[in-house]
Amino acid sequence: MIITREWLKEWIDINKISTDDICKTLNDIGLEVDSVQTIRIPANVVIGKVLTCNKHPDADKLNVCEVDLGNEVKQIVCGAKNVAQGQYVAVSKVGAILPNGLEIKEAKLRGVASSGMICSSTELGLPAMEDGIMVFDNSIGELVLGKELCEYPLINDDIIEIELTANRGDCLSIHGVARDLSVPFDLDINALEIKEEEDNQLGIGRVLNVVAHEKVDGSFLFKVYDKKEIKSPFLVDLRLAFADLYKKDPLDRVLQYATYATGVLLRAYSHNCFTTQQEKATVRIKKHTNGLDAVFGSNSQMLSFVGISQIDECKATCEDERVVLEANYTHPKIISQNSANKKIDSDKHLYRSSRGSEPDLDFGMNYFLNVLKEKSNVMIYAGTQQVLQDLHETHITINLEELALMIGEEIDKNTIIKILQRLGFGVSFKNEQNIMHVKVPTCRHDILNEQDVCEEIVRIVGIDNIRSKPLVFAERNKINSAYESFKKRQMYRYKAVGVGFYETLHFVFDDLSRVEKYGLKTVYKKRELSNPITQELNTLRTSLIPNLLDSASRNLKFGKKSIRLFETG
């Protein structure tokens, strides 16, 4: 899981906290840091605006650009396919030294003077994004011509890679990691700003109908939009590239970004997959023959296994005129059980859904729409279509005295309450002030009992902050009835061997018909073997005598005249 310092600041205020302290705290609370990378743009790389862009007179693949750098205009020859008039770009001025060691100098390209270089992301030490040069927008801040890129904190970021255990699906998002970090730093989580829908918006019921044919396991929320133009903000592209999730299609990028930021599983379908004409579409959700929830379109075509995969033909792109958006959630246990040992093609969603995605579907959908509307021109239909299941709530009762014994130290009651509440737990006390009632947040599928709650408290308090105590061994009288019985049996064995007897060991199984024939006791029917090794060993023995007689008989057949055998049991 890759996070960045600036991305975390979207949810918590960590301006006064160093990256080293963030990494140390992540390790302390169980989110192990694998690596840290610092991104810093070199000096003399500034914001520029392309005023003109004309073909090079002597080279088909080159363009001659006039670039405004704020206090001067420079002529720069650029070979990027995507350079165009009006763009805000990264310009390495003469004298700049790039991360690969290249020093920018005055040059002539095919006879045309060039003073500087318009840069791509990789030339500045950033991950690869679109082919060609970087094109900025105001998502990184106010674009001031001539301002050095090293002064934009959203670009000069610290990249932190953390290792998550399989039970921490709640931290498979930037919001989830920020929520965990907010507790030891005692910070408030920033709330998502939800923009009100306009009064004159058309309702979603005009274009979409959702039918759940039978009891399904998952929860679903649908929205629809009509597009005029789809663009993704530059900051979205950059952060996805940091996380190695950059995609070619801008709609796919915004979907990836919202899922990665919130933990809510989001998909987009072409509206045409649900209708043969531009009429009202119907989404059908029902069980597939393999037991998984599936979304079906027109002509009963299966479009996706919920939380697992989606067919490529119905994935919406930035070219689709009308798009159906889906946010879904299914309990990870259901996903894991139903997808195991089944040959189903899966996509990136299975990793999240099998570990536990975010159940708050409104949160993820609203975040996606906020990001989409930043640079895209879309008409979003008012309202939603939903199929919701009652989420199972886990309630745990904890005795604070027993909790102190588990931890090894008594933690202040108010500290415990504050930790749990910041982690999203509900905490209440009723008649007994020493008994705490805890309501587990729906995103924490790993919290099942009081020991799990104890672990949450310990990892936030810090195991190093809990005083070590020596183990106390209390010597007790070891001589009891069990010990005396053991010693007596041992004495009999030694004496038997001492007078010439041989100890034997037999199966604990016996033949039921023989036990009944000898008139011996039989075991209770409820304790009979359900899957005996053989029919001759189909019950548990109730006496040592039959097996000893068998051994004596075999020894007689072998010619032994003096047979001394014994067995204990």
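The values are calculated or read from the model by the stated rules, or taken from the named source; none is laboratory data. Quick caveat, the model's predicted, so the values are computed rather than measured. When we count neighbours, we look across all protein chains shown, and the Cβ atoms used for this are built from the backbone with ideal geometry, even at glycine.
Structure values in brief
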item	result
Qualifying residue in the range 57-68 (condition: in contact with a strand residue (DSSP E or B) (Cβ under 7 Å, 6 or more places away or on another chain) and of a type in the set (Gly, Ala, Ser))	no
Those residues of the range 522-566 which are closer than 23 Å to Val497 by Cα and assigned to a loop (DSSP other than H, G, I, E, B), in sequence order	Ser543, Leu544, Phe558, Gly559, Lys560, Lys561, Ser562, Ile563, Arg564
Scan of the range 422-442 for residues that are closer than 27 Å to Trp11 by Cβ, among the basic types (Lys, Arg) and surrounded by fewer than 18 Cβ atoms within 10 Å (Cβ to Cβ), ordered by number	Lys439
Gly86 vs. criteria surrounded by fewer than 16 Cβ atoms within 10 Å (Cβ to Cβ), in contact with a strand residue (DSSP E or B) (Cβ under 7 Å, 6 or more places away or on another chain) and touching a residue at least 12 places away in the same chain (Cβ under 8 Å)	yes
Subset of the range 459-513 (residues that are more than 30 Å from Phe566 (Cβ to Cβ) and among the polar types (S, T, N, Q))	Asn465, Ser468, Asn477
The listed residue being surrounded by 18 or more Cβ atoms within 10 Å (Cβ to Cβ), touching a Lys or Arg at 6+ places or on another chain (Cβ under 6 Å) and β-branched (Val, Ile, Thr), out of Ile3, Ile47, Ile14	Ile47
Residue within the range 244-251 that is within 18 Å of the chain's Cα centre (by Cα) and without any contact (Cβ under 8 Å) to a residue 60 or more places away in the chain present	yes
The range 474-498: number of residues that are more than 19 Å from Leu544 (Cβ to Cβ) and either in a loop (DSSP other than H, G, I, E, B) or of a type in the set (Val, Ile, Thr) (or both)	7
Sole residue being over 51 Å from the mean Cα position of the chain (by Cα) and in a loop (DSSP other than H, G, I, E, B), chosen from Leu505, Leu471	Leu505
Positions within the range 543-569 being polar (S, T, N, Q) and surrounded by 13 or more Cβ atoms within 10 Å (Cβ to Cβ), in sequence order	Ser543, Asn547, Ser551, Asn555
Residue within the range 183-198 that is touching a residue at least 60 places away in the same chain (Cβ under 8 Å), over 26 Å from Asn27 (Cβ atoms), part of a strand (DSSP E or B) and in contact with a strand residue (DSSP E or B) (Cβ under 9 Å, 6 or more places away or on another chain) present	no
Test for Ile174: is it within 30 Å of Ile419 (Cα to Cα), among the β-branched types (Val, Ile, Thr) and either under 37 Å from the mean Cα position of the chain (by Cα) or surrounded by fewer than 14 Cβ atoms within 10 Å (Cβ to Cβ) (or both)	yes
Every pair of residues 6+ apart whose Cβ atoms lie under 9 Å, when the first sits in the range 68-80 and is of a type in the set (S, T, N, Q) while the second is surrounded by 19 or more Cβ atoms within 10 Å (Cβ to Cβ)	Gln75/Val64; Gln75/Cys65; Gln75/Val67; Gln75/Ser114; Gln75/Ser115; Gln75/Gly116
Flag if Val295 is buried (at least 22 other Cβ atoms within 10 Å of the Cβ), farther than 30 Å from Val177 by Cα, touching a strand residue (DSSP E or B) at 6+ places or on another chain (Cβ under 6 Å) and of a type outside the set (Asp, Glu)	yes
Exclusive hit being over 27 Å from the mean Cα position of the chain (by Cα) and surrounded by 12 or more Cβ atoms within 10 Å (Cβ to Cβ), set Val211, Val236	Val211
Count - residues of the range 323-350 that are surrounded by fewer than 20 Cβ atoms within 10 Å (Cβ to Cβ) and either charged (D, E, K, R) or touching a residue at least 12 places away in the same chain (Cβ under 8 Å) (or both)	11
Strands (runs of 3 or more DSSP E) within the range 1-106 that include 2 or more residues within 30 Å of Ile174 (Cα to Cα)	2-4, 32-38, 45-56, 88-92
Check on Leu240, over 30 Å from Ile419 (Cα atoms) and not assigned by the TED database to the domain that holds Gly364	no
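Listed here are the residues, each with its yes/no results for (1) surrounded by fewer than 23 Cβ atoms within 10 Å (Cβ to Cβ); (2) under 30 Å from Met1 (Cβ atoms).
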position: Asp249; (1), (2): yes, yes
position: Gly263; (1), (2): no, yes
position: His271; (1), (2): yes, no
position: Thr275; (1), (2): yes, no
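Residue-by-condition table, conditions (1) in contact with a helix residue (DSSP H, G or I) (Cβ under 6 Å, 6 or more places away or on another chain); (2) among the aromatic types (Phe, Trp, Tyr):
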{"residue": "Glu432", "(1), (2)": "no, no"}
{"residue": "His445", "(1), (2)": "yes, no"}
{"residue": "Asp452", "(1), (2)": "no, no"}
{"residue": "Ile479", "(1), (2)": "no, no"}
{"residue": "Tyr492", "(1), (2)": "no, yes"}
{"residue": "Ala496", "(1), (2)": "no, no"}
{"residue": "Thr504", "(1), (2)": "yes, no"}
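The rows are residues; the columns are (1) among the β-branched types (Val, Ile, Thr); (2) outside the structural domain of Asn328 (by the TED database); (3) assigned to a loop (DSSP other than H, G, I, E, B); (4) touching an Asp or Glu at 6+ places or on another chain (Cβ under 6 Å).
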| position | (1), (2), (3), (4) |
| --- | --- |
| Leu126 | no, yes, yes, no |
| Gly132 | no, yes, yes, no |
| Glu142 | no, yes, yes, no |
| Gly146 | no, yes, yes, no |
| Ala166 | no, yes, yes, no |
| Phe220 | no, no, no, no |
| Val224 | yes, no, no, no |
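One line per residue, one yes/no per condition, for (1) at pLDDT 90 or above; (2) in the same structural domain as Val236 (by the TED database); (3) not in a helix (DSSP H, G or I):
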residue	(1), (2), (3)
Tyr260	yes, yes, no
Ala268	yes, yes, yes
Gln277	no, yes, yes
Arg284	yes, yes, yes
Thr289	no, yes, yes
Gly307	no, yes, yes
Val323	yes, yes, yes
